[in-house]
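Undergrad: The structure is given below, and queries will be raised subsequently.
The values are calculated or read from the model by the stated rules, or taken from the named source; none is laboratory data. All values derive from a computational prediction rather than experimental measurement. For neighbour counting, all protein chains shown are included, and Cβ atoms are generated from backbone atoms with ideal geometry for every residue, glycine included. SASA here: full protein model, heavy atoms, side chains in, ligands and nucleic acids out. Shrake-Rupley method; radii C 1.70, N 1.55, O 1.52, S 1.80 Å.
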Amino acid sequence: MDKLLAGKTVVLGVTGSIAAFKTPHIVSRLTSLGANVIVVMTENATRFIAPLTFETLSGNEVVVSMWPDSKVGVADLEEAVSGTERLMHVRLGEAADLAIVAPATANIIGKMAGGIADDFLSTELMAMTCPVLIAPAMNVNMLDSDAVSENISTLKERGVVVVEPATGRLASGAVGRGRLADPDTIVDAALAVMVPGDLAGKRVVVTAGPTEEPIDPVRHIGNPSTGKMGFAVAERALSRGAQVVLISGRTALEPPAGVRFVRVGTTREMLDAVLTELPELNLLVMAAAPADYRPEEVAEHKIKKRADILNIQLVRTEDILSEVASKKQLGQGVVGFAVETRDELPNARKKLEEKNLDLVVVNNPMIEGAGFGTDTNIATIIGRTGLEESVGKTSKHELADVILTFAIRELGWGKIDGQQR
Ligand code: CTP
């Protein structure tokens, strides 16, 4: 399968901020999505992080200076962009599909707004004909200053995409707005610019996290699901143009801005929330880990610690996917997950059939790098029409993208006049 950013060139500007230590994550994610990333650093940025880090991750030389006697100069540019043959003899500024500046200091923002070109990065940014995205990072007082506020507004008016800084502890020790946005958020914003929304006009409902079944007013049966996989699917679906509803049990995660968020407690509540959305949805991704059993009776008061053995009678909860299977309309897609600790593929195929799914994503949480709480997953995706693909250890965000791409294929949404888009 073609990677999402195959054939795309991204110029990534790094300026002198302590937040530059987060930029390698952006480079490695863009690279693993297939992009050719060319990193351009200011001299000050090299004080915070070594160009070698970016050279290693991007596979391209890092451009620092205008002048050939420095480490890398203009003369080396062609070599730097030679990762894509199409780019030979073409200036970097014209060749890029997107320019990102992350972190963007008050200084580079001021230069961009004011038209100053006094080093390689500021010169190149002025010559850019492609979309430009900046992720500011600075002290809260600088960010709130009239100069920076006006400069950011000017850039927005000119069409520069600004990934807003986050709030939290700053390098100065103060707490406030000004932290570099989460690197994954920056990559998602970059994807939204570069990848046409292949889920535009689709309504995607995603479930995430555990459900909790009360035993008494202070106890419940739960499971260690963190919701990371479902939140990643919601975030990626949103970036790909979908309208997204995220139905989640208790997690420590912040819902992505732009999704409609529905918080639920029990499996019954999750089922009700899914059924409410069912008539309007195009795709349901059941990434949640709903409890399969609940106490038959919930004690009205806290159960006191008296007997050595406490028996609690458990009864089956509703199976959300099975309920959906019997009610869904033609053309509505359903993706389920199968958590299996043995005979993964036969068990997953059985779930695909029994629950009338279009795709099933199977993973074994006993394998290192897969399952609950990790940032990565290892999975096999099985489709109704014979598709079967193993996805090696990958981030949950990347797996989310693969799942959505396969769902689009399986449901035939990418086809125009019978042709695959
Ligand atoms: N699921 C559901 N309703 C439940 C439990 C699970 O819809 N009450 C969904 C999950 O969100 C997941 C899929 O069913 O997409 C498979 O979950 P899994 O725990 O692997 O399978 P179960 O159906 O619970 O079967 P078993 O535990 O017997 O493997």
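Undergrad: For Ile303, are the conditions met, namely being out of contact with any Lys or Arg (no Cβ under 6 Å at 6 or more places or on another chain), more than 12 Å from the ligand (Cβ to nearest atom) and of a type in the set (Val, Ile, Thr)? Spell out how you get there, then give the answer.
TA: On the way: out of contact with any Lys or Arg (no Cβ under 6 Å at 6 or more places or on another chain): yes; more than 12 Å from the ligand (Cβ to nearest atom): yes; of a type in the set (Val, Ile, Thr): yes.
Yes; evaluated as a whole, the condition is true for this residue.
Undergrad: Also, I was wondering about something else. Only residues that are open to solvent by less than 20 Å² (accessible area, probe 1.4 Å) and among the small types (Gly, Ala, Ser): list them for segment 29-56, please.
TA: Ala35, Ala45
Undergrad: Report yes if some residue within segment 316-332 is away from the ligand (no atom under 16 Å from the Cβ), open to solvent by 40 Å² or more (accessible area, probe 1.4 Å) and more than 24 Å from Ile381 (Cβ to Cβ); otherwise report no. First the steps, then the outcome.
TA: Step one: of segment 316-332, the residues away from the ligand (no atom under 16 Å from the Cβ) are 329-331.
With the extra rule that they be open to solvent by 40 Å² or more (accessible area, probe 1.4 Å), the set shrinks to 329-331.
Subsequent filtering for residues that are more than 24 Å from Ile381 (Cβ to Cβ) retains none.
Among the residues of segment 316-332, not one is away from the ligand (no atom under 16 Å from the Cβ), open to solvent by 40 Å² or more (accessible area, probe 1.4 Å) and more than 24 Å from Ile381 (Cβ to Cβ), which makes the answer no.
Undergrad: Right, here's the next one. Filter segment 130-179 for residues that are in contact (Cβ under 8 Å) with a residue 60 or more places away in the chain and open to solvent by 50 Å² or more (accessible area, probe 1.4 Å); which is nearest to the chain's Cα centre (by Cα)?
TA: Ranking the qualifying residues of segment 130-179, first place goes to Arg179.
Undergrad: Shifting gears a bit: Could you count how many residues in segment 241-261 are surrounded by fewer than 19 Cβ atoms within 10 Å (Cβ to Cβ), touching a residue at least 12 places away in the same chain (Cβ under 8 Å) and either within 14 Å of the ligand (Cβ to nearest atom) or not aromatic (Phe, Trp, Tyr) (or both)?
TA: Applying the first criterion (surrounded by fewer than 19 Cβ atoms within 10 Å (Cβ to Cβ)) to segment 241-261 yields 241, 250-254, 257-258, 260-261.
Retained after the next criterion (residues that are touching a residue at least 12 places away in the same chain (Cβ under 8 Å)): 241, 250-253, 258, 260-261.
Keeping just the survivors that are either within 14 Å of the ligand (Cβ to nearest atom) or not aromatic (Phe, Trp, Tyr) (or both) gives 241, 250-253, 258, 260.
Matching residues across segment 241-261 total 7.
Undergrad: Here's something else I'd like to know. Does segment 282-300 hold any residues that are more than 8 Å from the ligand (Cβ to nearest atom) and surrounded by fewer than 18 Cβ atoms within 10 Å (Cβ to Cβ), and which are they? Show your work before the answer.
TA: Going residue by residue through segment 282-300, those that are more than 8 Å from the ligand (Cβ to nearest atom) are 282-285, 293-300.
Result: Tyr293, Pro295, Glu296, Glu297, Val298, Ala299, Glu300.
Undergrad: Here's another thing I want to ask about it. Could you grab me the full set of residues in segment 293-338 that are of a type in the set (Lys, Arg) and under 30 Å from Val205 (Cα atoms)? Lay out the reasoning, then the answer.
TA: So the first thing to find is which residues in segment 293-338 are of a type in the set (Lys, Arg), and the list is 294, 302, 304-306, 316, 327-328.
Within segment 293-338, Arg294, Arg316, Lys327, Lys328 qualify.
Undergrad: In addition: Inside segment 301-310, can you point out the residues that are open to solvent by less than 100 Å² (accessible area, probe 1.4 Å) and out of contact with any Asp or Glu (no Cβ under 8 Å at 6 or more places or on another chain)?
TA: Let us first name the residues in segment 301-310 that are open to solvent by less than 100 Å² (accessible area, probe 1.4 Å), namely 303, 307.
Scanning segment 301-310 gives a single hit, Ala307.
Undergrad: So His397 fits all but one of (1) surrounded by fewer than 18 Cβ atoms within 10 Å (Cβ to Cβ); (2) more than 16 Å from the ligand (Cβ to nearest atom); what number is the exception?
TA: (1)
Undergrad: Something else: Looking only at segment 192-223, which residues are at pLDDT below 90 and β-branched (Val, Ile, Thr)?
TA: Applying the first criterion (at pLDDT below 90) to segment 192-223 yields 192-198, 200-201.
Val193, Val195, listed by residue number.
Undergrad: State which residue pairs qualify: first residue under 15 Å from Lys355 (Cβ atoms) and inside segment 282-295, second residue part of a loop (DSSP other than H, G, I, E, B) and near the ligand (Cβ under 6 Å from one of its atoms) in any location, beta carbons under 7 Å apart, and separation of 6 or more residues or different chains.
TA: What qualifies is Pro290/Thr317; Asp292/Thr317.
Undergrad: Among residues belonging to segment 333-343 that are open to solvent by 50 Å² or more (accessible area, probe 1.4 Å) and near the ligand (Cβ under 10 Å from one of its atoms), point out the one that is nearest to the chain's Cα centre (by Cα). Before the answer, list the steps.
TA: Filtering segment 333-343 down to residues open to solvent by 50 Å² or more (accessible area, probe 1.4 Å) leaves 339, 341-343.
Checking which are near the ligand (Cβ under 10 Å from one of its atoms) leaves us with 339, 341.
Numbers: Val339: 22, Thr341: 27 Å.
Checking each candidate, the answer is Val339.
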